[in-house]
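Scroll down for the structure; my scribbles are underneath it.
Taken together, the values in this text are just the output of simple stated rules run on the coordinates, not laboratory data. The structure presented is a predicted model; accordingly, all values stated were derived computationally and were not measured. Counting neighbours? That spans all protein chains shown, and the Cβs are built from the backbone with ideal geometry, glycine included.
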Ligand SMILES: Nc1ncnc2c1ncn2[C@@H]1O[C@H](COP(=O)(O)OP(=O)(O)OP(=O)(O)O)[C@@H](O)[C@H]1O
Ligand SMILES: [Mg+2]
């Protein structure tokens, strides 16, 4: 395992302006995720976990501080360059999956590969192998509306992993999954972090997940604390 940092935050703070009031979500978050690591974030509802993931992914702007992906600050990039870097380097599993409703499971999972310029046949092969890995080999042609909540979540996981990103951010990826399916996702993550040195940052309430991860942090009282 290399010690190279994939994602770092320095002095990261976020406040939302809520009418006349400012809501300070967190302050001065110092964090680093390294190659081949799987790190968990826990915290009560409203503690700022999704806000933090969005900032780390360059999807939202910090009030102050800086996020770097492989040494490149999101802030220093123009929109087009930022999107390109995000597509290349990051996989993101949203808390509410965000699949494209008019496309099948296979097409959804192929999307990041096609955006990256992969040939259709190759993209199909990679995406269907991943869908197989998450237990959806029999559901390739189903649209999101024809899938269960847990199945949609697994399509979103396959989609986030398809283009071999350096770093994967997941917001409650196993929230709707039973124990057996969660275990399959765990095995897939462990395989990818070991074989491909992918780095994972996972927001979770799942105690079982915490047991096999490298580190865990709690987000509370506006700070991130190692637990
Ligand atoms: N766009 C926004 N404008 C104003 N306040 C916001 C906005 N988005 C989030 N917040 C507030 O920021 C705080 C953190 O929200 P966030 O969604 O990050 O929490 P969370 O830890 O992900 O919660 P959950 O576990 O319920 O998903 C909450 O108090 C929320 O109300
Ligand atoms: Mg959230």
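For segment 92-211, the equivalent ellipsoid derived from the Cα gyration tensor has semi-axes of 21, 17, 12 Å, listed largest first. Counted residue by residue at 0.36 nm each, then reduced by the alpha carbon distance between them, the extension gain from residue 45 to residue 115 reaches 21.8 nm.
Let's test this: bin the Cα-Cα distances of segment 21-77 at 10 Å from zero up to the farthest pair and state each bin's percent. With 10 Å bins starting at 0, P(r) equals 19, 53, 26, 2, 0. In terms of the mean number of neighbouring beta-carbon atoms within 10 Å, the peptides 5-15, 111-121 order highest first as 5-15, 111-121.
Taking label points 7 Å from Cα along the Cα-to-Cβ direction, residue 212 and residue 30 give a separation of 3.2 nm. Take the Cα of residue 183, go 7 Å toward its beta carbon, and the backbone nitrogen atoms of segment 195-227 under 16 Å from that spot belong to 207-212. Taking the longest Cα principal axis of the chain as reference, the axis of helix 105-115 is set at about 60 degrees. The mean sequence distance of close C-alpha pairs (under 8 Å, at least 6 residues apart), as a share of the length of segment 59-190, puts its relative contact order at 32 percent.
With each label modelled as a point 7 angstrom along the Cα→C-beta vector, the residue 191-residue 21 pair spans 4.8 nm.
Per residue, the average separation of C-alpha pairs within less than 8 Å and at least 6 apart gives the chain a relative contact order of 29 percent. Descending by average beta-carbon neighbour count within 10 Å, the peptides 123-134, 189-200 line up as 123-134, 189-200, the highest first. Helix 179-195 and the longest principal axis of the C-alpha atoms of the chain enclose an angle of approximately 80°. With an 8 Å cut-off on Cα pairs and a minimum separation of 6 or more residues, tell me the relative contact order of segment 1-123 in percent. That works out to 23 percent. Would you mind checking the tilt of helix 79-89 against the longest principal axis of the Cα atoms of the chain, expressed as 0 to 90 degrees and rounded to 10? Helix 79-89 sits roughly 60 degrees off the main axis of the chain. With the simple model of a label 7 Å out from the Cα in the direction of the Cβ, residue 4 to residue 129 spans 2.2 nm. At an R0 of 35 angstrom, the distance between the Cβ atoms of residue 78 and residue 100 translates into a FRET efficiency of 0.85. Nearest 5 is fine: what % of DSSP beta bridges in the chain come out antiparallel, could you say? In the chain, DSSP labels about 55 percent of beta bridges as antiparallel.
Over what distance in Å are the Cα centres of segment 134-184 and segment 1-25 separated? Taking the Cα centre of segment 1-25 as reference, the centre of segment 134-184 is 27 Å away.
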